[in-house]
Structures are given as structure tokens and as C-alpha cells.
């Protein structure tokens with residue numbers, strides 16, 4: 001059974017054109033050249049739009065770090081894939097205590 | 001709005017020690033997500049839009065969800081497909097990363113991962129399963145053709161986007177938060193430790209810990225050392241062979257697989273952290289460096305990306321301006337501009 005028939009939303013976003021040989025695919029692409037070019041053009045535009053704002057990371061970054069608030073404690077951790085590090089801060093007897101705890105999650109990579 | 005409120009409730013507020021920012025965490029994508037924003041009042045909106053981004057990415061690119069678009073694609077045994085914009089972007093990024101890394105990352109690696117037993121949610125893997133069969137090298141990313149949304153996937157090739165998907169998700173999330181908050185303030189999103197930032201950073205950059213991973217032989221996860229760095233823009237990602245490990249026939253395996261051999265990477269570096277303009281770039285580079293093994297330093301130097309490598313013997317090597325231990329009092333990581341994985345090339 002065509003899996004897409006089970007899910008109309010899927011059918012809209014992901015359509016299996018059909019399995020075909022290399023030659024058949026080539027003929028199809030050539031035959032629908034105009035449509036394919038239009039689709040590809042749209043996709044290119046969408047990708048370009050969707051790409052992250054590398055401009056905000058432009059140059060050798062660090063020069064724009066002048067207008068934000070002062071933050072002195074670590075707010076996140078980069079660590080081994082899938083390990084989440086929880087950083088919490090509390091005040092004990094007037095002293096700041098920072099605790100970091102690592103958790104190996106149960107899930108898989110995305 | 002009820003649905004939005006329900007989604008937002010998955011987030012847990014976290015005290016991070018500074019009232020100038022708001023921090024929240026939740027489970028997502030089989031790992032943990034952390035969101036940090038300033039001004040603090042941006043948090044509610046930010047949580048809602050990050051939820052949407054992560055849910056969408058999961059539906060598009062998860063190999064572990066049978067109802068994801070990627071799973072449907074992989075189940076179709078090859079063919080010509082018209083992809084939705086989101087999955088098309090995810091595949092495009094994965095293929096661009098493969099091209100950039102010379103195949104050190106490769107989205108056609110799915111069957112190699114399955115052959116090693118990484119065919120289900122990590123928690124469900126049999127920790128001491130049957131002995132390994134023959135290695136299954138990746139067929140090779142050049143066999144996959146993507147032209148805009150049109151994907152040609154040869155029969156027998158299945159895709160795994162794990163080397164770039166979390167980075168892509170973090171990049172999408174910070175962009176969505178910026179848009180939803182009127183480009184006001186700044187945001188940091190971490191997905192399982194892969195971090196993207198956008199907007200105006202805190203003074204000197206976002207303080208981020210580069211954490212040492214737990215010892216694979218049993219040191220408690222909570223005993224994390226690390227280095228404090230500051231990230232003013234761009235992203236940080238870390239890959240390591242010390243987590244997501246399992247046994248097969250007495251052999252210790254991990255999830256970073258060399259596409260060329262179909263076996264877990266066995267180079268001299270146990271953990272690599274890379275800074276780049278985007279999280280997908282950093283994600284791909286850190287994975288590629290682990291796979292590159294002894295060639296990792298040369299490859300990373302050529303990229304110009306600041307990187308921190310930790311060897312199995314504990315030695316630490318910094319490259320391309322990676323800050324020294326005293327960075328807490330210094331400037332942010334010098335992240336070069338330009339992406340190698342978005343829109344076909346550096347920009």
C-alpha cells in the first residue's frame with residue numbers, strides 16, 4: 001500500500017513520484033523540465049531564505065558584544081552529543097554555588 | 001492558545017545565576033533542549049516557537065519515528081521524490097556537509113548504523129546484543145541527487161541526518177526566536193549540547209561551558225570539568241565517542257561511525273568541540289574531526305574553525321584561535337564568517 005495514502009498531510013508535503021529506472025526518470029525530468037526548473041528555483045529561494053542569519057555571525061565575531069546585559073555565570077554547556085548538562089545556581093550563606101549535572105538521555109539522535 | 005500553553009508547559013525554568021537572562025529546559029529530539037533569552041520577558045514567546053521548530057524537525061528528519069518524512073522516504077526502497085521544503089533543506093545540508101568534509105560525514109550511513117545495532121531509540125538498544133556481522137560501509141553520498149526539492153535516492157540507500165540535524169534544529173530555532181521577538185535582544189538554543197546564538201549577546205558574549213564528558217569506564221556524569229568560553233555569535237558543537245555506547249558480541253561500540261569502514265571511529269580523539277558561523281557547520285565539523293582520526297588536526301586547521309580536541313589520554317589541543325584556559329576574562333571565540341553547508345557554499 002502506498003504509505004502516503006494513509007496520511008493526507010504527508011501526501012501534501014512528501015510525494016513519492018514513483019519508482020522508476022534511470023532512463024524513465026531522465027525522460028520524466030526532461031519532459032517536465034519547465035515545472036522542475038520552476039520548482040527548483042522556488043526551492044533555491046526558499047533555502048536561501050531559510051538559511052540561518054550567518055550575517056549575524058559575520059566576520060570574526062565578538063565585535064558586537066557591547067550592548068547586551070552583563071552575564072557572569074555559564075548559561076549552557078556544549079558537551080558530548082546527547083549528554084545534557086543542567087547548570088543551576090543558588091545562594092548558600094551568601095555564597096554563589098553553581099552545580100552542573102550531566103544526564104545521558106534515553107533518546108536517539110535526530 | 002490552549003495548545004500553545006500546553007506545549008510551553010514542557011519547559012522547566014532554570015536558575016542560571018543572572019537575572020538579566022531567562023533560562024528554560026525541556027526534553028526534545030531524544031535529548032535535552034535549553035533556551036536562554038534576554039530580555040527575560042521574551043521567554044514565553046521563545047519557548048512556543050522553539051517547540052514548533054523542534055516538533056517540525058522531528059516530523060521531518062527523525063530516523064527513529066516511523067511516521068517521519070525521513071522514515072517514509074527510507075521505507076520506499078529508492079525512487080524519485082518531491083520533498084517538502086523542510087526535509088529538502090535538511091537533506092541539502094547533510095549533502096553539503098558530506099561534500100565539505102570529503103565524506104567524513106555521510107547521510108548514506110543509515111544501514112551502517114543499523115548493522116551495528118543503532119536501529120532504535122538509544123535506550124532500547126540491547127546493551128550486549130549478538131556479535132557483529134560484516135561491516136557495512138556507507139554507499140556514498142555522491143549517489144544521492146538533490147535538485148531543489150527533487151530527490152533521487154537509489155534503491156537500497158537509506159538516509160541518516162544525525163551529523164547535521166541537531167545543528168540545523170538549533171539554527172532554525174534561534175532564527176525563529178529572533179523573528180518572533182521582533183529581532184529584540186538575544187537568544188541561545190542548545191540541543192543536546194550543540195549551541196547556536198543569535199541577536200545581541202550579553203556583554204563579552206554568552207558564557208558557555210565546554211564540558212568534559214563522563215569517563216566511559218564509570219566516572220559519574222555529574223563530575224564534569226570543563227572550560228568557560230564566551231560565544232558572541234555563531235555556534236558551538238561537540239562530538240564525542242564517550243557517550244551513546246553499547247556492546248555487541250563483547251565489542252564496545254559508539255554512535256560516531258566512519259562512513260568509509262562502517263565501523264565506529266577509532267581515532268586518537270575522544271571529544272572534539274568546534275565553533276562555526278552556524279550550528280550545522282559546527283555539528284558537521286566536530287563529527288568529521290572524530291572520524292578523521294589522526295588527520296583531524298590538519299583538516300580542522302584547513303577549515304580555519306576554532307576547535308578544541310581532547311585525546312583518549314586526556315591531552316587537550318586548541319586550534320585556530322581556540323581560547324586558552326583564562327578566556328573567562330578575555331574576549332569571545334573568534335568565529336569565522338560564512339557557512340559551508342547552507343545555500344551551497346560559504347557566505
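Which residues, taken from the stretch B:1-19, are surrounded by fewer than 16 Cβ atoms within 10 Å (Cβ to Cβ) and either within 21 Å of residue A:72 (Cα to Cα) or at pLDDT 95 or above (or both)?
Once the filter is applied, which keeps residues that are surrounded by fewer than 16 Cβ atoms within 10 Å (Cβ to Cβ) and either within 21 Å of residue A:72 (Cα to Cα) or at pLDDT 95 or above (or both), the stretch B:1-19 yields B:13, B:15, B:19.
Out of the helices (runs of 4 or more DSSP H) lying entirely within the stretch B:60-139, which hold 1 or more residues that are modelled with pLDDT of 95 or more and away from every other protein chain (no Cβ under 12 Å)?
B:85-100
Give the stretch B:271-313 a look and list any residue that's assigned to a strand (DSSP E or B), free of Cβ contacts under 8 Å to residues at least 60 places away in the same chain and under 17 Å from the mean Cα position of the chain (by Cα), or say none.
B:271, B:272, B:274, B:307, B:309
When residues of the stretch B:174-192 are filtered for being in contact with a helix residue (DSSP H, G or I) (Cβ under 6 Å, 6 or more places away or on another chain) and part of a loop (DSSP other than H, G, I, E, B), how many remain?
Residues meeting the conditions: 3.
When you check residue B:209 against the structure, is it at pLDDT 80 or above and surrounded by fewer than 22 Cβ atoms within 10 Å (Cβ to Cβ), yes or no?
Judged against the criteria, residue B:209 is not a match.
The values are calculated or read from the model by the stated rules, or taken from the named source; none is laboratory data. In this text the structure is predicted, and so the values were computed from the model without any measurement. For neighbour counting, all protein chains shown are included, and Cβ atoms are generated from backbone atoms with ideal geometry for every residue, glycine included.
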